[in-house]
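The values are calculated or read from the model by the stated rules, or taken from the named source; none is laboratory data. Predicted, not measured: the structure shown is a model, and the values here were computed from it. Positions of Cβ are backbone-derived with ideal geometry, glycine not excepted, and every protein chain shown enters the neighbour counts.
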């Protein structure tokens with residue numbers, strides 16, 4: 001996982017949302033899939049489909065080493081009254097500033113308390129945390145009492 | 001100073017008292033499951049490959065040997081009942097009677113102390129058990145909250161499961177073998193092409209070498225030819241030099257050259273001389289074989 005990839009992902013989504021684009025694609029990899037799945041679960045995306053460079057697959061296609069270069073992950077972006085649902089997609093950790101928080105700090109952040117320079121979690125907002133190889137929502141991380149790197153916040 | 005202004009130090013005692021010594025130095029009951037589980041988590045003792053330290057008159061153990069369990073009843077029996085002297089009190093003198101009485105009272109106190117301590121420890125144990133059970137319940141509840149229900153596990157699409165494994169299907173052994181073979185073939189084909197190109201160039205050089213000047217007579221002839229005042233030839237040469245400088249080509253010569261090229265490629269020749277394929281076939285004896293077969297066929301007729 002690279003934070004630069006996440007930054008690219010965030011910029012791409014923000015660019016698409018600015019132009020009111022309904023569907024867009026990102027490279028098909030595990031990291032993008034995990035992040036997109038969280039966005040989908042929290043209701044920021046309307047759909048999540050596997051596809052190729054041409055568009056989402058109509059018939060399921062197996063991902064192999066031969067076709068991985070053309071595989072894409074198609075995301076459906078959401079709008080309400082001509083306003084995008086993703087208004088804000090901000091990186092907390094950057095490649096030059098990785099923010100690792102303890103379990104106590106994560107609990108504080110998830111309950112809305114400011115931690116260091118990070119503003120507490122607001123209603124209608126999600127913060128994604130990287131715990132080991134997994135990526136989870138901050139509420140889940142606080143419940144489990146784990147520590148990890150805070151990646152980004154979306155609202 | 002009015003009372004209550006300052007906090008009492010050391011809980012109202014003068015200084016810190018030493019820890020109370022336990023009445024029972026050995027355990028009075030075997031460890032329960034919960035204690036055993038806790039002990040199992042503790043890593044202690046000497047590992048297999050670590051030599052034991054040496055001390056005179058003392059033997060180190062690899063693991064901690066548990067203290068023997070002596071129940072309160074057994075302790076009372078051993079230390080009080082069995083040590084009570086069996087004497088006839090009526091036969092004792094006054095002093096001995098007094099001593100006996102004191103001993104009896106001391107034993108009585110010890111018994112009471114043992115039983116009281118036993119009661120106290122029992123109560124503590126009960127409280128501990130209740131606490132442990134409550135903790136267990138809390139953990140169970142937490143687990144229920146965190147873990148998904150069976151219904152959601154069965155109904156929600158298996159995205160998490162999909163993310164656990166590799167998202168790209170790896171090539172099977174057969175597919176990998178085919179790809180490896182293809183790669184080898186590609187490499188060999190490029191190598192062959194390069195070699196053929198080189199051989200062609202070599203053959204071209206060989207054919208061209210027939211025109212090389214290799215002795216004095218040929219050189220003389222060439223010099224005379226070069227300086228002969230053949231006007232036509234000279235003008236032609238002059239023209240071609242000028243054209244070359246301008247970047248123009250003689251169209252008639254160009255046509256002739258391309259014609260020759262076509263002819264060469266059709267017949268398989270090189271500048272009107274045997275090409276690589278013909279040379280190869282000759283070396284293999286393929287042409288000879290064909291010729292013989294043709295001769296045989298003609299003779300048959």
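Quick look at the numbers
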{"read-out": "Flag if residue B:133 is closer than 27 Å to residue B:74 by Cβ and part of a helix (DSSP H, G or I)", "value": "no"}
{"read-out": "Options B:78, B:123, B:97; residue that is touching a helix residue (DSSP H, G or I) at 6+ places or on another chain (Cβ under 7 Å) and part of a helix (DSSP H, G or I)", "value": "B:97"}
{"read-out": "Yes/no for residue B:48 being loosely packed, with under 12 Cβ neighbours inside 10 Å and over 50 Å from the mean Cα position of the chain (by Cα)", "value": "no"}
{"read-out": "Residues located in the range B:53-82, provided they are under 30 Å from residue B:119 (Cβ atoms) and exposed (fewer than 10 other Cβ atoms within 10 Å of the Cβ)", "value": "B:65, B:67, B:68, B:82"}
{"read-out": "Tally, over the range B:42-65, of residues that are within 21 Å of residue B:129 (Cβ to Cβ) and assigned by TED's automatic domain parsing to the domain that holds residue B:118", "value": "0"}
{"read-out": "Helices (runs of 4 or more DSSP H) wholly inside the range A:1-110 that include at least 3 residues being exposed (fewer than 14 other Cβ atoms within 10 Å of the Cβ)", "value": "A:3-18"}
{"read-out": "All positions within the range B:135-178 that are more than 9 Å from chain A (Cβ to nearest Cβ) and under 28 Å from the mean Cα position of the chain (by Cα)", "value": "B:158, B:161, B:164, B:165, B:172, B:173, B:174, B:176, B:177, B:178"}
{"read-out": "Residues of the range A:16-40 classified as under 20 Å from residue A:125 (Cα atoms), within 14 Å of chain B (Cβ to nearest Cβ) and touching a residue at least 40 places away in the same chain (Cβ under 8 Å), total", "value": "6"}
{"read-out": "Within the range B:151-241, helices (runs of 4 or more DSSP H) holding 3 or more residues that are at pLDDT 90 or above and within 30 Å of residue A:65 (Cα to Cα)", "value": "B:173-208"}
{"read-out": "Candidate set: the range A:111-133, residues that are within 15 Å of the chain's Cα centre (by Cα), in a strand (DSSP E or B) and without any contact (Cβ under 8 Å) to a residue 60 or more places away in the chain; chosen: the one surrounded by the most Cβ atoms within 10 Å (Cβ to Cβ)", "value": "A:129"}
{"read-out": "Residue match in the range B:42-50 (condition: in a loop (DSSP other than H, G, I, E, B) and under 30 Å from residue B:118 (Cβ atoms))", "value": "yes"}
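So that you can scan it fast, the table gives a plain yes or no per residue for (1) within 14 Å of chain B (Cβ to nearest Cβ); (2) modelled with pLDDT under 95; (3) closer than 21 Å to residue A:129 by Cβ:
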{"residue": "A:1", "(1), (2), (3)": "yes, yes, yes"}
{"residue": "A:49", "(1), (2), (3)": "yes, yes, no"}
{"residue": "A:55", "(1), (2), (3)": "no, yes, no"}
{"residue": "A:59", "(1), (2), (3)": "no, yes, no"}
{"residue": "A:70", "(1), (2), (3)": "yes, yes, no"}
{"residue": "A:80", "(1), (2), (3)": "no, yes, no"}
{"residue": "A:85", "(1), (2), (3)": "no, yes, no"}
{"residue": "A:104", "(1), (2), (3)": "no, yes, yes"}
